[in-house]
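Colleague: Have a look at this one.
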Amino acid sequence: MFTKEAVEKLSAHLGEPDWMLQKRLEAFALWEGMNLPTTSEEAWRRTSLRRFKLDKITPSLNGGGSQEMPSRVSSQLTETPAGGEIVQVDGDTLSYSISDELKEQGVIYCDMSTAVNEHPELVQKYFMTDAVTADEGFFAALHGAFWRGGSFLYVPKNVQMAAPVHTSTWNASGATFSHTLVVIEQGAEAVFSDEFGSETGKGQFMHNGAVELIVGDNASLTYVSIQEFGDNMFQFTHERGRVGRDGKLDWIMSIMGTGLMKAFQTMELDQPGGWGRMSGLFFGDKRQHFDLDTQQNHNAPNTVSDLLYKGAMKHQARSVWQGMIKAKKEAQKTDGFQANRNLLLESSARADSIPGLEIEADDVACTHASTVGKVDEEELFYLMSRGIPRELALRIIVQGFFDPIMQRIPFEGVQQRIAEQVIEKVGSLVE
Amino acid sequence: MSIALEVKDLHVSVEDQQILKGVNITINQGEVHALMGPNGSGKSTLAYTLAGHPFYEPTAGEVIFGGEDLLDLDADERSRAGMFLAFQYPVAIPGVTVANFLRQSINARRKAEDADDKGITIPDFRRLLKAKMAEFNVDQKFAGRYLNDGFSGGEKKRAEILQMAVLEPKMAIMDETDSGLDIDALKIVSDGANRLKESLNLGMLVITHYQRLLNYIKPDYVHVMLDGRIVESGGPELALELEAKGYDWVREKHSQAEAA
């Protein structure tokens, strides 16, 4: 159960210093004062948790490290060998490597618990202090108290990371609380891919994660997240990127799995010249429910944000995208764009698309676009008139729909894997 | 073996409205037939019906092609049997490149012939596409562009010719191929169609409003459609007569015929 004793036990098991225990307990105290969100809260209006039984899910203390990973999870996803790789099951690290080249560059890449012990000054400065904080909500606080596993990447000033790093997080038992913390110092550059998966198991699983991406002045980060949890997974994540002066954050995600997921994804452009792009691809089938809550916050002048989320839904699946662009009073000359495009493969599927603008500055260019549509019969006929059978034509159209996002993924291996998942999901349709 | 397209007493409805009211036409491979007629006479309905668009419902008659009734086949099966519709308005497929689309089209044919076929190899396909693009004056950059997405009118029609060159049909329906083309583009597209006619011994049904196209694609036969029927047939001189006199005399002649 989620108790104060469980927090203390977890922290002791991980051999954490007292400051981290105290941080956990603070988060726990916050959490105790909160209730499981209900649909009466605006952010949860379209996502009901009535089927979710938190009391049946226990925090994982000892991990499930004996579980075998499906080969696809640990398989090499990048054509050039990763400079570092971490594979975790239920928060325990199963394998870990970092190249000498990255070490020589001064890059720190390790699992999050190791970072707490070996790099306390960095972790204390950045861990749930400025990007994701425990007071953001029920699941942020729960995460703050029970987080376990995940990875830490730190790229020092002016270092262009010689090769990308890749973390795989596998969920084999009840719950995982992975924490990704990426800090790119001034003028540095990095590419990180973060992968999450599980087999569909019995009962309810939960992934309660956090992602913190800190991009310094003139720094650049490409962050790719690939999620393919099993259908019995409930996923709740808080994810936030912060971009410094003339910094760049290219954030790309693929969402295929879970029975229900709710993600809060926020881009903060804190300094002039910051650039942030958010690209999302999601495909729901059966009774999957995806709820994506995005914010593009322009906190300084001359900042640019660009969001494109594309979702396909079939069967009784449902997606919700609720996006907001905010431009503070001082954020003049900002350029914010958001687009959410949805393709319904069957009339039983549903997509809700809710764009929003909150603009306090008067000299900005902020626009949004959202569409929900069916597969165009004329496109199908055109492809069929060239000899392509209907099912294949449908698959080609869906793949084409996702292509603009696929083009933004910097790894061919990841593109291929997502393409395969798309093909599998399109499958055959009842018509 | 040379085959024919035989349309016999074809009746077609769209949303319960009768559009084609008994069309008869036979096109042998290697022949060019022009189909002319005023707007709304049913020309495009015939084109889409022959290609198998589900919106058009045949209610009577048959369309024999290579011994089969095409009306029993889905659009993709008709294409694989050797039919090709060059669209008046080719449809944009965002996110799907010309190259990817053509490779899938070729592979669909191979797969229909042999379920175990692994498809054309990428190098073979690249060679084929490169050669066809060179032959039909299509910029090599075309291969990587999204199909018809943001193409100019001329580019779309050239892409249709390129597809025909790659898919090598036996019978082509050119639905107002001249619409939206300037004279230079018209020459290029007609030249492509003529060369394909020679190399493939293609049968062609050229649908157009204007004599202009028929200066470039020379018909062996000209037909006039009026109110869902072919009412006049003749040689190339019929097109010139229509150009000079318009359709009114055809209308008059046939309204009188109906009245009588």
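Bear in mind that the values in this text are calculations on the coordinates, not laboratory data. These figures come from a predicted structure and were not determined experimentally. No Cβ is skipped: glycine too gets one built from the backbone with ideal geometry, and neighbour counts run over all protein chains shown.
Colleague: List the aspartates and glutamates whose alpha-carbon lies under 15 Å from that of residue A:262, not counting same-chain residues fewer than 8 positions away?
Modeller: A:41, A:42, A:136, A:228, A:231, A:239, A:291, A:293, A:352
Colleague: Also, quick follow-up: Pairing the Cα long axis of helix B:183-200 with the longest principal axis of chain B, what angle in degrees results, from 0 to 90 and rounded to the nearest 10?
Modeller: Once rounded, one gets 80 degrees.
Colleague: Whole-Hz ³J(HN,Hα) for each residue in segment A:88-103, computed from phi via Karplus 6.51 cos²θ - 1.76 cosθ + 1.60 with θ = phi - 60°, x for glycine and proline: what do you get?
Modeller: 10, 10, 6, x, 8, 7, 8, 8, 8, 8, 9, 6, 4, 4, 5, 4
Colleague: Sticking with this one: Based on the alpha-carbon gyration tensor of chain A and its eigenvalue square roots a ≥ b ≥ c, which shape applies: rounded if a/c is under 1.5, prolate if not and a/b is larger than b/c, or oblate?
Modeller: Because its axes are fairly even, with a/c under 1.5, chain A counts as rounded.
Colleague: So what's the net charge close to residue A:272: Lys and Arg +1, Asp and Glu -1, counting the other residues with Cβ under 11 Å from its Cβ?
Modeller: -2
Colleague: Cα centroid distance between segment B:99-115 and segment B:55-96, in Å?
Modeller: Their Cα centres are 17 Å away from one another.
Colleague: Placing unit charges on C-beta atoms (Lys and Arg positive, Asp and Glu negative, everything else neutral), compute the dipole magnitude of chain A about its Cα centre in debye, rounded to 20.
Modeller: 1140 debye
Colleague: Given A:276, A:389, A:257, which one lies farthest toward the positive end of the charge dipole of segment A:4-426, if we put +1 on the Cβ of every Lys and Arg and -1 on the Cβ of every Asp and Glu?
Modeller: Among A:276, A:389, A:257, the one farthest towards the positive end of the dipole of segment A:4-426 is A:389.
Colleague: List the relative contact order of chain A as a percent without decimals, with contacts defined as Cα pairs under 8 Å and 6+ residues apart.
Modeller: The value is 10 percent.
Colleague: Taking the Cα centre of segment B:91-150 as origin, sum charge times position over the Cβ atoms of Lys and Arg (+1) and Asp and Glu (-1), and report the length of that vector in debye to the nearest 20.
Modeller: In debye, rounded to 20, segment B:91-150 gives about 180.
Colleague: Among all the aspartates and glutamates, which ones have a C-alpha under 14 Å from residue B:253's C-alpha, if same-chain residues fewer than 8 places away are not counted?
Modeller: Straight-distance partners of residue B:253: B:227, B:232.
Colleague: Evaluate the distance, in nm, between pseudo-label points positioned 7 Å from the Cα of residue B:55 and of residue A:55 along their respective Cα→Cβ axes.
Modeller: 5.8 nm
Colleague: Compute the Cα gyration tensor for segment B:91-150, then decide on rounded, prolate or oblate, letting a ≥ b ≥ c be the square roots of its eigenvalues: rounded whenever a/c is under 1.5, prolate when a/b is larger than b/c in the other cases, and oblate in all that remain.
Modeller: Oblate, because a/c is 1.5 or more while a/b does not exceed b/c.
Colleague: Inverting the mean 1/r over all pairs of different Cα atoms, compute the Kirkwood radius of chain B and quote it in Å.
Modeller: 19.1 Å
Colleague: Here's something else I'd like to know. Once label points are set 7 Å from the Cα along Cα→Cβ at both residue A:199 and residue B:68, what is their separation, rounded to one decimal in nm?
Modeller: The answer from the label model is 4.5 nm.
Colleague: Something else: In segment B:47-156, what trypsin sites (Lys or Arg not before Pro) fall in a loop by DSSP, with at most 13 other Cβ atoms inside 10 Å?
Modeller: Answer by residue number: B:118.
Colleague: Which residues' amide hydrogens lie under 5 Å from the amide hydrogen of residue A:82, considering only partners 5 or more residues apart or on another chain, with H built in the peptide plane?
Modeller: none
Colleague: I've got another one for you. Could you work out [θ]222 nm for the protein assembly as shown from helices alone, using -39500 (n - 2.57) per DSSP H run of at least four and dividing by all its residues? Round to the nearest 500 deg cm²/dmol.
Modeller: -9000 deg cm²/dmol, from helical runs alone.
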